[in-house]
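Peer 1: Have a look at this one before I ask anything.
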Amino acid sequence: MPRLSWLAYAGNPCCAGHEAVALERNRIASIAWDALKVLHKLGEGASGIIHQALWRGETAQPVALKLFKGALTSDGLPHSEMAACIGAGAHPNLIAVHGKIHGHPAAASGLVMALADPEFTNLAGPPSLESCTRDIYAAATAFTADAVLRMALGIASAAQHLHARGIMHGDLYAHNILHGTGGHAWLGDFGAASFFAPQDTRRAHALQRIEVRAFACLLEELLQRCDADGAILQALAGLQTRCAQDNPAARPLFADIRQQLQALQTAWAQSA
């Protein structure tokens, strides 16, 4: 299936050991339900509902609170999503996780995360039956070349970080990306994330290159909505073609993609 771009297999027995190790290696705070004041709903996905809340510690801190819906969702198991969120660790283009809740009156599971600035919005809406596997962008959506470069670099860097930790996002789409002024981007929603063994190089690289094709789809969509042209855009189009090749083994890995994007960003800055 050379066009396969999104793969999720968490919840299967092959992942259980990896999830346990991730939780053991990445201990996070346990936050009492009573220390949170739920304010209002921010959004809802397949696995849970996100609220804005106030975390009343030494100082009152606004946070995002994700409460999981139940034992099984269309994306998989909440436990698997929590393990991936926690195992992902810290990165500038990932939403920081402050801790997991305990003491919920209905015994619900949840995560307390950083709250995005109100200027950050979803890059696009999810696919429709008509668009099939492609996200829905607002009709007037347009990006500068600088914003496309910054978004592409941020997401590629986040994906490289995840892959180095043995995590495949599984749902690398524009509708799971928050973006703000100037192109800063956060990759979110780990509902379809799955673990793999980085030391099994052959299999790990094969899985990573599936996600590289998902990145190619995203980059194609960004370039279609870029209001500029020139050598930088041609170079980005060339990178997109390499990432979308039908032969998965010929696609670059995210370390190479990030290096190319960094070089293009430097060249763009020098030409500005």
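The values are calculated or read from the model by the stated rules, or taken from the named source; none is laboratory data. Bear in mind that the values here come from a model prediction, so they are computed numbers and not experimental data. Glycine also receives a Cβ, built like all others from the backbone with ideal geometry; neighbour counts cover every protein chain displayed.
Peer 1: Of the residues F215, F190, which single one is of a type in the set (F, W, Y), in a loop (DSSP other than H, G, I, E, B) and surrounded by 16 or more Cβ atoms within 10 Å (Cβ to Cβ)?
Peer 2: On the way: F215 fails: in a loop (DSSP other than H, G, I, E, B).
None of the others qualify; the one that does is F190.
Peer 1: Where the second residue is assigned to a loop (DSSP other than H, G, I, E, B) and modelled with pLDDT of 90 or more and the first is closer than 22 Å to I257 by Cβ and in the same structural domain as L222 (by TED's automatic domain parsing) and lies in segment 129-155, which pairs have Cβ atoms under 6 Å and are six or more apart or on separate chains?
Peer 2: These pairs meet every condition: T133/P127; R134/P127; D135/A124; D135/P127; D135/Y173; F143/R225; G154/N93.
Peer 1: Quick test for you: out of P78, P92, pick the one residue that is in contact (Cβ under 8 Å) with a residue 24 or more places away in the chain and over 19 Å from E19 (Cβ atoms).
Peer 2: Details: P78 fails: over 19 Å from E19 (Cβ atoms).
Testing whether each residue is in contact (Cβ under 8 Å) with a residue 24 or more places away in the chain and over 19 Å from E19 (Cβ atoms) leaves just P92.
Peer 1: For residues in segment 224-259 being in a helix (DSSP H, G or I) and buried (at least 19 other Cβ atoms within 10 Å of the Cβ), which is modelled with the lowest pLDDT?
Peer 2: Within segment 224-259, the subset in a helix (DSSP H, G or I) is 224, 231-243, 248-250, 254-259.
From what's left, buried (at least 19 other Cβ atoms within 10 Å of the Cβ): 232, 236, 239-240, 243, 254, 257-258.
On the way: I232: 90, L236: 96, L239: 98, Q240: 98, C243: 98, F254: 98, I257: 98, R258: 98.
Top of the filtered list is I232.
Peer 1: List pairs: first residue in segment 20-35 and more than 22 Å from G103 (Cβ to Cβ), second residue part of a helix (DSSP H, G or I) anywhere in the structure, Cβ distance under 6 angstrom, at least six positions apart or on different chains.
Peer 2: A22/A83; A22/G87
Peer 1: Next up: Being surrounded by fewer than 16 Cβ atoms within 10 Å (Cβ to Cβ), at pLDDT below 90, in contact with a strand residue (DSSP E or B) (Cβ under 6 Å, 6 or more places away or on another chain) and not basic (K, R): is that true of A71 here? It would help to see each step written out before you state the result.
Peer 2: Numbers: surrounded by fewer than 16 Cβ atoms within 10 Å (Cβ to Cβ): yes; at pLDDT below 90: yes; in contact with a strand residue (DSSP E or B) (Cβ under 6 Å, 6 or more places away or on another chain): no; not basic (K, R): yes.
No; evaluated as a whole, the condition is false for this residue.
Peer 1: Can you find a residue in segment 22-45 that is surrounded by 12 or more Cβ atoms within 10 Å (Cβ to Cβ), touching a Ser or Thr at 6+ places or on another chain (Cβ under 7 Å) and modelled with pLDDT under 95?
Peer 2: No, that holds for no residue.
Peer 1: Another question, then. Restricting segment 68-112 to residues that are more than 20 Å from A8 (Cα to Cα), hydrophobic (A, V, I, L, M, F, W, C) and part of a strand (DSSP E or B), which is nearest to the chain's Cα centre (by Cα)?
Peer 2: V97
Peer 1: Take the residues of segment 159-187 that are assigned to a helix (DSSP H, G or I) and touching a Phe, Trp or Tyr at 6+ places or on another chain (Cβ under 8 Å): which is farthest from G230 (Cα to Cα)? Full working, then the answer.
Peer 2: Of the residues in segment 159-187, the ones assigned to a helix (DSSP H, G or I) are 159-164, 174-176, 181-183.
With touching a Phe, Trp or Tyr at 6+ places or on another chain (Cβ under 8 Å) added as a condition, the list becomes 159-160, 163, 174, 183.
Working: A159: 27, Q160: 27, H163: 32, A174: 24, G183: 19 Å.
Going through the qualifying residues, I end up with H163.
Peer 1: I'd like the residue in segment 193-212 that is polar (S, T, N, Q) and either in a loop (DSSP other than H, G, I, E, B) or in contact (Cβ under 8 Å) with a residue 12 or more places away in the chain (or both) and, out of all such residues, is surrounded by the fewest Cβ atoms within 10 Å (Cβ to Cβ).
Peer 2: So in segment 193-212, the residues polar (S, T, N, Q) come out as 194, 199, 201, 208.
Those still in the list that are either in a loop (DSSP other than H, G, I, E, B) or in contact (Cβ under 8 Å) with a residue 12 or more places away in the chain (or both) too: 194, 199, 208.
Working: S194: 24, Q199: 8, Q208: 23.
Checked segment 193-212; the qualifying residue surrounded by the fewest Cβ atoms within 10 Å (Cβ to Cβ) is Q199.
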